[in-house]
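Derivation of every value follows stated rules applied to the coordinates shown; laboratory data play no part. No experiment lies behind these values; they were computed from the predicted model shown. Glycine gets a Cβ as well: all are built from the backbone with ideal geometry, and neighbour counts include every protein chain shown.
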C-alpha cells in the first residue's frame, strides 16, 4: 500500500493589528416613549460592548472617554451556545471611573440586556464572545 500527498501551496493568515478594543454600540432608550435622543430632563444614553478576549465582554459607554452608559444599571446575559446565564450591575461611575462591568460569559453567542428601570426602555445586543 502506498500513501502519497501532494502539497500545492501554503496559505499564511495574519490577524490585523488593533491597538484598542472596538466598542460595538447598542442603545438603551433613556426617556418616556423610548426617545433615543433623550429629553430635557434625561440625556441620551449610549452603551457599548467590548470583546476583551475569548468568553469575556465589557459593557461600557461609547461617548468620549467611554462615558455615556447609565451608572448602576443591571446587565443580564445568556450564552446561547452553552445555556449559561448571569447578571451584574454597572459600576457607579465615581471618582473619574466610567460606569462599566466586565462579564465572563464563556465562548459562544451571547445576548445582553441592560435595564435601568423607571421610564427607560431596556436595551439589548448580541455578541460572539
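Quick notes
- Model label sites at residue 54 and residue 39, defined 7 Å from Cα along the beta-carbon direction, differ in position by 4.7 nm.
- Cα gyration tensor shape for segment 70-110, rounded if a/c is under 1.5, else prolate or oblate: prolate
- In nm, spacing of pseudo-spin labels at residue 107 and residue 24 (7 Å Cα→C-beta vector): 1.7 nm
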